[in-house]
Amino acid sequence: AQSVAQPEDQVNVAEGNPLTVKCTYSVSGNPYLFWYVQYPNRGLQFLLKYITGDNLVKGSYGFEAEFNKSQTSFHLKKPSALVSDSALYFCAVRDLPGGSYIPTFGRGTSLIVHP
Amino acid sequence: KAGVTQTPRYLIKTRGQQVTLSCSPISGHRSVSWYQQTPGQGLQFLFEYFSETQRNKGNFPGRFSGRQFSNSRSEMNVSTLELGDSALYLCASTRTGTGDYNEQFFGPGTRLTVL
């Protein structure tokens, strides 16, 4: 079975400071990991994904995520937060091979960047 | 390339009625998934269609159904609406291939309110 947890419902950070949104996962095989962002009244937008290779994955809008197999984590990071980064962030995991074709999403973390 | 489109964007219905939501995937995408998003339950998977066949199904009652047409457009239907069906319904399409690690592209959603 595959599962994902986002331990923080909300993350507050000042503009210009680094931000981290946490995600941990559980799979039987190899994890395929994704981050999505949702702005108010919009659908989810893909940010980045980890399939294999380098543990540091770079994505859209200056975001990056670090895959840590030993800690089963895939935290989303950005060196300098912008007010416009304020949104709802979702982590998702797929367990392959042999796992579900459908990703499991976390409950989401609301990121609030203060001016 | 046009994104995923969903119609209508907003719906207001009363208990006991039925509703049909429509989703047009990105051109060339053959997989369409539906999700229900609520503040309390987060993002919950409803079902996935591929080549007009339901390939995966989430844990929802039989009142929720869907179908996919030969042009990959999909519809979902909810019969005998209940207050708890009020939610944002999201459609996502995926470019299928041999890699099985493609990200999903989401539409803006249909906001359903049941009175």
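The values are calculated or read from the model by the stated rules, or taken from the named source; none is laboratory data. This structure is a prediction, so every number in the text was calculated from the model and none was measured. When we count neighbours, we look across all protein chains shown, and the Cβ atoms used for this are built from the backbone with ideal geometry, even at glycine. For the accessible areas, the whole protein counts, side chains as well, though only heavy atoms, and no ligand, DNA or RNA atoms are used. Shrake-Rupley method; radii C 1.70, N 1.55, O 1.52, S 1.80 Å.
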Contact-by-burial set, region B:43-70, min loss 10 Å², accessible area of protein heavy atoms with 1.4 Å probe, reference chain alone, gives B:Leu43, B:Phe45, B:Glu48, B:Arg55, B:Asn56
Once Rh is set to the Kirkwood radius over Cα pairs, what Stokes-Einstein translational diffusion coefficient, in µm²/s, holds for region A:1-53 at a temperature of 4 °C and a viscosity of 1.567 mPa s?
-> 97 µm²/s
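Any idea of the accessible area per residue across region A:24-115, 1.4 Å probe, to the nearest Å²? Let's see the in-between values first.
Numbers: 4080 Å² over 92 residues.
Per-residue accessible area for region A:24-115 comes out at 44 Å².
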Of all the accessible heavy-atom surface of chain A, with the other protein chains kept in place and a 1.4 Å probe, what percent is carbon and sulfur?
-> 50 percent
Once normalised by the length of region B:66-115, the mean sequence separation of its alpha carbon contacts under 8 Å that are 6 or more apart gives a contact order in percent of 36 percent
B:Arg111: accessible area at probe 1.4 Å, nearest 10 Å²?
-> 90 Å²
Answer with one residue from B:Gln44, B:Pro8, B:Ser93: the one whose Cα lies farthest towards the positive end of the charge dipole of chain B, charges on Cβ with Lys, Arg +1 and Asp, Glu -1.
-> B:Pro8
Test assert for region A:23-51: residues whose accessible surface shrinks by at least 20 Å² between chain alone and all chains, 1.4 Å probe, equal A:Tyr32, A:Phe34, A:Tyr36, A:Gln38, A:Asn41, A:Gly43, A:Leu44, A:Phe46, A:Lys49, A:Ile51
Provide, as a two-decimal number, the C-alpha radius of gyration of region B:20-115 over 2.2 N^0.38 Å, N being how many residues it has.
-> 1.04
Could you estimate the translational diffusion coefficient of the protein assembly as shown from the Stokes-Einstein equation, with Rh from the Kirkwood formula over C-alpha pairs, at 37 °C and 0.692 mPa s, in whole µm²/s?
-> 180 µm²/s
When the chain is fully extended, how far beyond the present Cα-Cα distance does B:Thr20 get from B:Ser51, taking 0.36 nm per residue of separation?
-> 9.2 nm
With solvent modelled as a 1.4 Å probe, how much accessible area in total do chains A and B shield from it at their shared surface, in Å² to the nearest 100?
-> 1800 Å²
Computed P(r) (all Cα pairs; chain A; 10 Å bins; percent) = 15, 49, 29, 6, 0
Region B:1-95 - accessible surface per residue (Å², probe 1.4 Å) | 49 Å²
Among B:Lys13/B:Lys57; A:Lys49/B:Lys57; A:Lys49/A:Lys69, which pairs are too far apart, with a Cα-Cα distance over 21 Å?
-> B:Lys13/B:Lys57; A:Lys49/B:Lys57
Would you kindly find the accessible area of A:Cys23, with a 1.4 Å probe and non-protein molecules such as ligands, DNA and RNA excluded, rounding to the nearest 10 Å²?
-> 0 Å²
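Taking each residue in A:75-86, count the Cβ atoms of any other chain within 10 Å of its Cβ, then average. What number comes out? Don't skip to the end; give the middle numbers.
Values: counts 0, 0, 0, 0, 0, 0, 0, 0, 0, 0, 0, 0.
What the average comes to for A:75-86 is 0.
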Quick one: Cα centre-to-centre distance for region A:25-78 and region B:37-115, in angstrom?
-> 23 Å
